[in-house]
Amino acid sequence: MTLELSLNQQPAHARQGSSIGQPLTRRDGFLKVTGAARYAADNHPPGMLYAVLAVSSIARGRVAALDIEAAKAHQGVVEVMTPKNRPALAADPDAKDHPFMFRLDLLQNDQVRYPNQSIAVVIAETLEAATEGAALLSPRYEVLPARVGLDGAESFVPRGVGVGGPAVQHKGDVEAGLKSAKTRIEATYETPAQYHNAMEPHAIVVAWDGDTLSIDTPSQGLAMAQGRIAGLFGIAPENVHIRSPFLGGGFGSKGMISGPQVLGILAARLVGRPVKLVLRREQMYGPVGHRAPTRQTLRMGMDGEGRLTALDHHAKTASSTFDDFFEPAADASHTLYASPAIATSHDAVRLDTGTPLFMRAPGEATGSIALESAIDEAAHACGMDPLEFRLRNYAEVEPMTGKPFSSKALRECYRQAAETFGWASRPLQPRLMRDADGFLTGWGMGTATFPALMFQAEARAVLRADGSGLMETGAQDMGQGAWTAFAQIAADGLGLDIDQVDFRAGSSDLPNAGIAGGSGHTATAGMAIHNAGAAVIARLADLATGNEASPLFGAGNEGVLARGGRLYRRDDESRGESYAEILTRAGLSEIEGHGKGAPDPASQETYAKHAHGAVFAEVKVDPDFGQIRVTRLVGAFAAGRIINPRLVRSQYYGGMIWGVSFALNEEAITDRRSGRIQNANLAEYHVPVNADVPSVEALLVHEDDPHVNALGIKGVGEIGITGTAGAVANAVWHATGVRPRRFPIRIEDLLG
Amino acid sequence: MRDFDYIRPATIPDAIAAAAEPGSAYLAGGTNLLDLMKGGITSPERIVDISRLPELNRIERLDDGGLRIGALVRNADLAYDPAFAKSYPAVAEALLSGASAQLRNAATVGGNLLQRTRCSYFYDTASACNRREPGAGCDALEGENRLHAVLGWSDACIATHPSDFCVPLVALDAVVEIEGKKGRRHVTLEEFHRLPGETPQRENALEPGDLIVAVRLPAEAASFSANARYLKVRERTSYAFAVVSAAAALVVDGGKIRAARLALGGVAAKPWRARTAEAVLLGANANEVTFASAAEAALADASPSGDNAFKIELARRIVVRALMSAQAGTPERLPALPASPFSNIPGARHDA
Ligand SMILES: Cc1cc2nc3c(=O)[nH]c(=O)nc-3n(C[C@H](O)[C@H](O)[C@H](O)COP(=O)(O)OP(=O)(O)OC[C@H]3O[C@@H](n4cnc5c(N)ncnc54)[C@H](O)[C@@H]3O)c2cc1C
Ligand code: SF4
């Protein structure tokens, strides 16, 4: 069964023959604002039971006792799943066949390795009964001391960071570069643990039918989730059907299937009935990933003209005690600033937390706030304007590798954003600007960058005898606008008006669209769609050009154009015919074509591929209280071809607001004794509210990139957070003269 | 959530009779109580839903010039009542600086007074907390306590009372009208909340079954309307509890302070009336020097209970600014960012 969605609302604009580049409003917007969009937890199959997790309140030790009798005696409780009766799995949840297979806590034993780890699941007729059943378990523990904080355990150099890059890298001689420098700076910055906090909690509704599984759950990577589940249960992937039409945000935490989601499947297996399991907000602080804390030290040397002679970036971070993910923060120094000597290194500790995972520009965001702060310090040490300093150290080739950039319109980003912001009148020294009300005013900037990644994706295109088209790919819409942007690419790929195209996505029985992550979904699945469209059009052209009855006879495949539901001769556009005519004549009800999206290995070797941007921030700081407000943000970004400027601008706004959040708000406050997070709720885990971002502007800088992919698409999802966080920090320094060295910046840091 | 009885009494006496049974709790807006129940911090056996008792929903002018605010009047309704906001602008400003629009639409006058502390160890049932479980100990003492109390705390408890609304109310001599088994009584708001001492679990003057029926403001409270402000420093521009806040109200005549009211929020287990500071202000010249001495007096007994020494200096500065703003005069219109230090800068377009 595929998901049928009514996404054919009229776009409110005039088009000129192409859907790509048009600022269409979200095609799923109407469903969302009317509440008709069905999220995972909105499903309710007949006979469904509710499953609630019981989670650990200790960070380390073992569960010594659970009062299962009490839970079972509670009215409505059907079953309690513990390590003793949990159905068998075909694979060990602690096995790690490849680096992207993260270890899961699936009640494999009584050990506790972090707070909020699942220790039992209570299944009941109602949510209330299951919740009370979980409370009645009243666990007793054998407690071991928790290892908390970056100094909480012995450090080591991890084998790989991020997706497996080397922990230590260098080019040139950093020490010599520092020695020869005229000016040097060294500074250490700390960033806290952060949690994804998507609005929609991880939720799963599961129904088993023999050995086939029907699942509603939010997923940023349907095929990967399908494969992981199939492996754990020893069933064929095609027996696992996952629907994920909408995600209420993911930010990386829904990239992999998480332990609690699999526990929902196990619970349904155990009771032989459909089950719904939804995480409570506080239960999202542990088993679904987070961003690890970092402590980063940067050393820079500059010659008499303000040119970098050396750049050294060291990051200390943390992973869990039982799995590996290391925030690659120092790698942010590989791509932005030219320097004859660059060294990046990481070390880490193992703490009693859930395993950190990809979160909102993993490595790039954390590294960026430290790097952009240090660059600001370096500019100041050289007596230079921060923009001038950045231009002086502009990288014409990728500094770490020496590769040319596939495209890089960063100079234009700097120029447009600086002009719009009014940067030119900025005084060099800090604490010189006051507004009419006496608030300290500061201006800061940061450079944004994010790699233009591509993964693997497939799509299937169909043209029908009635002249309409169908495009299918299992793409995932996390709110970024996949339903709309991919439909636009599909329309152009099929040479049809967008309203003539059925676009299907969000289901695992469709072709594998890869992962909605790494800001690479539009490029990857977009290319699959584009190629599938080209393939089916080629078949259609074959039918026409090979048939004497067609006005296109003899034109050859290369000699025809597809547009508006018709094929034309390239050399004589007065000669053409409609898709419907071609298919009807051939006696075919429909034809199909397939396409793939993947990075091109040759251009991968040759070029460094990144999106770029420049962000300027104005902050006001109360001189007596240290309370900060970001009164203005202007960003300009160059990210290749823009499929839909309205959606892209929204992505930039969102990214920039996350940047403000990084600099000023987000922090998981961890009790240093218990390891428990003290603000595991959205009242006290702060992110910006509307009043914190009164003015945000995103400029789209034109950029043609012939190398990234045929459509010229880079990613826009995560870049906004980079650059912005540093820009805000630098603006705070410029306002107050106090250099923020730990984030989020606190009132007491500025009280003076 | 534990099973509980749900009772919706039709009259105040019925409500009091129902709630006098042990293990009962009144339900008003539910914005605090339901969170506490879901988190297992409190587990009442019987919920007495007072939210539909009509006689608690009125704002009445009294013959003596005072005002009587029914316990069920919603925070938003009170703040947006034009006559109320005109007479008690600092109270309206405090109300609108609290929580979010959605919460203010649900939260009631009585519930706001009785909201529990935001101390994270109080909410974390795996932690030791004397307030939640008398005698258990206090994990905040050596824990994450940068936002805890600097006045009136004890080794048994260092938590603060989070209400904004209560701060100008206590400054203006508000009185809590309580109905219980033994009839009606009046307790000043200043005496209503208790400091922790050895018994932090005893948070206020209520006895089992006691119902707050109204909050009264005496006639004199309106005499400050031209010079009354509330100022709240917080960690984001809106939708955050106070780090420290202050309500200041003055009557100034010929440069001399004829009457002064000052209270602090976020510093103690109760809204903190700064009477010694008021004594410094009374009769003095209304200027920054006087305000600075008042701030010194207000914080004279303050001491950090943890990593929160900064709050003492911050509180001094907030007192001075709140007094300066009060002296400058109540603004014609309520600011778009109520009680914010940024209430008058450009770009302050949104009230989240
Ligand atoms: C996310 C969040 C942010 C918040 N931010 C702020 C803030 O910035 N500033 C601020 O001041 N507040 C803030 N609050 C707290 C909010 O103001 C209170 O939750 C609210 O005022 C409580 O009112 P209620 O009617 O919902 O009370 P309820 O939750 O119904 O009741 C609270 C308590 O009072 C008792 N009770 C209620 N009415 C009576 C009565 N008439 N007589 C006797 N007992 C009664 C109940 O039994 C219960 O114990 C915030 C709350 C939340 C959830
Ligand atoms: S400060 Fe008070 S409320 Fe907080 S843990 Fe200690 S006793 Fe409990």
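Numbers at a glance
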item: Among residues of the stretch B:131-149, those that are at the interface with chain A (Cβ under 10 Å from one of its Cβ atoms) and within 16 Å of ligand 1 (Cβ to nearest atom), counted; result: 1
item: Count of residues meeting criterion [basic (Lys, Arg) and not in a loop (DSSP other than H, G, I, E, B)] in the stretch A:689-742; result: 1
item: When residues of the stretch A:131-163 are limited to those that are of a type in the set (Lys, Arg) and within 29 Å of the chain's Cα centre (by Cα), the one farthest from A:Arg676 (Cα to Cα); result: A:Arg159
item: Considering residues of the stretch B:266-279 that are more than 14 Å from chain A (Cβ to nearest Cβ) and among the small types (Gly, Ala, Ser) only, the residue most open to solvent (accessible area, probe 1.4 Å); result: B:Ala279
item: Wholly within the stretch A:402-477, strands (runs of 3 or more DSSP E) carrying at least 3 residues that are assigned by TED's automatic domain parsing to the domain that holds A:Gly659; result: A:440-451
item: Scope the stretch B:118-130; condition more than 16 Å from ligand 1 (Cβ to nearest atom) and among the polar types (S, T, N, Q); matching residues; result: B:Thr125, B:Ser127, B:Asn130
item: Matching residues, the stretch B:245-257, being away from every other protein chain (no Cβ under 14 Å), in a strand (DSSP E or B) and in contact (Cβ under 8 Å) with a residue 24 or more places away in the chain; result: B:Ala247, B:Ala248, B:Ala249, B:Leu250, B:Val251, B:Val252, B:Lys256, B:Ile257
item: Those residues of the stretch B:312-346 which are more than 10 Å from chain A (Cβ to nearest Cβ) and hydrophobic (A, V, I, L, M, F, W, C), in sequence order; result: B:Ile312, B:Ala315, B:Val319, B:Ala322, B:Leu323, B:Met324, B:Ala326, B:Ala328, B:Leu334, B:Ala339
item: Residues satisfying the stated conditions in the stretch B:229-244, i.e. at the interface with chain A (Cβ under 9 Å from one of its Cβ atoms) and of a type in the set (Gly, Ala, Ser); result: B:Ser238, B:Ala240
item: Residue in the stretch A:497-518 that is under 17 Å from the mean Cα position of the chain (by Cα) and among the β-branched types (Val, Ile, Thr) present; result: yes
item: B:Ala286 within 14 Å of chain A (Cβ to nearest Cβ), farther than 15 Å from B:Thr160 by Cβ and surrounded by fewer than 24 Cβ atoms within 10 Å (Cβ to Cβ); result: no
item: The stretch B:195-224: number of residues that are within 16 Å of ligand 2 (Cβ to nearest atom) and in contact (Cβ under 8 Å) with a residue 40 or more places away in the chain; result: 9
item: Which listed residue, of A:Val728, A:Val696, A:Val689, is open to solvent by 30 Å² or more (accessible area, probe 1.4 Å), closer than 16 Å to A:Ala663 by Cβ and within 24 Å of the chain's Cα centre (by Cα); result: A:Val696
item: Unmet criterion (only one of (1) in contact (Cβ under 8 Å) with a residue 60 or more places away in the chain; (2) within 16 Å of ligand 2 (Cβ to nearest atom); (3) not in a loop (DSSP other than H, G, I, E, B)) for B:Arg146; result: (3)
item: Which numbered condition B:Val289 fails, given (1) within 17 Å of B:Gln327 (Cα to Cα); (2) within 16 Å of ligand 2 (Cβ to nearest atom); result: (2)
item: Failed item, numbered, when B:Ala128 is tested on (1) more than 14 Å from chain A (Cβ to nearest Cβ); (2) surrounded by fewer than 18 Cβ atoms within 10 Å (Cβ to Cβ); result: (1)
item: Breaking point among (1) touching a strand residue (DSSP E or B) at 6+ places or on another chain (Cβ under 7 Å); (2) away from ligand 1 (no atom under 16 Å from the Cβ); (3) within 19 Å of B:Phe165 (Cα to Cα), for B:Arg216; result: (2)
item: Of residues in the stretch A:676-685 being within 16 Å of ligand 1 (Cβ to nearest atom) and aliphatic (A, V, I, L, M), the one surrounded by the most Cβ atoms within 10 Å (Cβ to Cβ); result: A:Ala680
item: Test: residue in the stretch B:177-192 that is more than 12 Å from ligand 2 (Cβ to nearest atom) and modelled with pLDDT under 95; result: yes
item: Of residues in the stretch A:102-146 being open to solvent by 30 Å² or more (accessible area, probe 1.4 Å) and either among the hydrophobic types (A, V, I, L, M, F, W, C) or without any contact (Cβ under 8 Å) to a residue 12 or more places away in the chain (or both), the one farthest from A:Val278 (Cα to Cα); result: A:Leu144
item: Considering residues of the stretch B:209-221 that are outside any strand (DSSP E or B) and touching a Gly at 6+ places or on another chain (Cβ under 7 Å) only, the residue surrounded by the fewest Cβ atoms within 10 Å (Cβ to Cβ); result: B:Ala219
item: Pick from the stretch B:78-110, criterion without any contact (Cβ under 8 Å) to a residue 60 or more places away in the chain and either closer than 15 Å to B:Arg333 by Cα or within 12 Å of the chain's Cα centre (by Cα) (or both), ranking: surrounded by the fewest Cβ atoms within 10 Å (Cβ to Cβ); result: B:Pro82
item: Candidate set: the stretch B:150-159, residues that are touching a strand residue (DSSP E or B) at 6+ places or on another chain (Cβ under 8 Å) and in contact (Cβ under 8 Å) with a residue 24 or more places away in the chain; chosen: the one nearest to the other protein chains (Cβ to nearest Cβ); result: B:Ile158
item: Residue in the stretch B:166-179 that is within 14 Å of another protein chain (Cβ to nearest Cβ), of a type outside the set (Val, Ile, Thr) and either within 14 Å of ligand 1 (Cβ to nearest atom) or not in a loop (DSSP other than H, G, I, E, B) (or both) present; result: no
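Residue-wise test of (1) part of a loop (DSSP other than H, G, I, E, B); (2) more than 30 Å from A:His530 (Cα to Cα); (3) modelled with pLDDT under 95; (4) open to solvent by less than 20 Å² (accessible area, probe 1.4 Å).
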residue: A:Pro623; (1), (2), (3), (4): yes, yes, no, no
residue: A:Val630; (1), (2), (3), (4): no, yes, no, yes
residue: A:Ile643; (1), (2), (3), (4): yes, no, no, yes
residue: A:Leu647; (1), (2), (3), (4): no, no, no, yes
residue: A:Tyr652; (1), (2), (3), (4): no, no, no, yes
residue: A:Gly659; (1), (2), (3), (4): no, yes, no, yes
residue: A:Glu666; (1), (2), (3), (4): yes, yes, no, yes
residue: A:Ser674; (1), (2), (3), (4): yes, yes, no, no
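A quick yes/no check of all residues on (1) assigned to a strand (DSSP E or B); (2) not hydroxyl-bearing (Ser, Thr, Tyr):
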| residue | (1), (2) |
| --- | --- |
| A:Lys84 | no, yes |
| A:Ala95 | no, yes |
| A:Phe102 | no, yes |
| A:Gln108 | no, yes |
| A:Tyr114 | no, no |
| A:Ile123 | yes, yes |
| A:Ala153 | no, yes |
| A:Arg159 | no, yes |
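Yes/no per residue for (1) touching a residue at least 12 places away in the same chain (Cβ under 8 Å); (2) within 12 Å of chain B (Cβ to nearest Cβ):
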| residue | (1), (2) |
| --- | --- |
| A:Val660 | yes, yes |
| A:Asn665 | yes, yes |
| A:Asp671 | yes, yes |
| A:Asn681 | yes, yes |
| A:Val689 | no, yes |
| A:Ala698 | yes, no |
| A:Asp704 | yes, no |
| A:His707 | yes, no |
| A:Gly717 | yes, no |
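The values are calculated or read from the model by the stated rules, or taken from the named source; none is laboratory data. Keep in mind it's a predicted model, so treat the numbers as computed, not measured. Here Cβ is always computed from backbone atoms with ideal geometry, including for glycine, and neighbour counts include all displayed protein chains. The accessibility values were calculated without ligands, DNA or RNA, using every heavy atom of the protein model including side chains. Shrake-Rupley method; radii C 1.70, N 1.55, O 1.52, S 1.80 Å.
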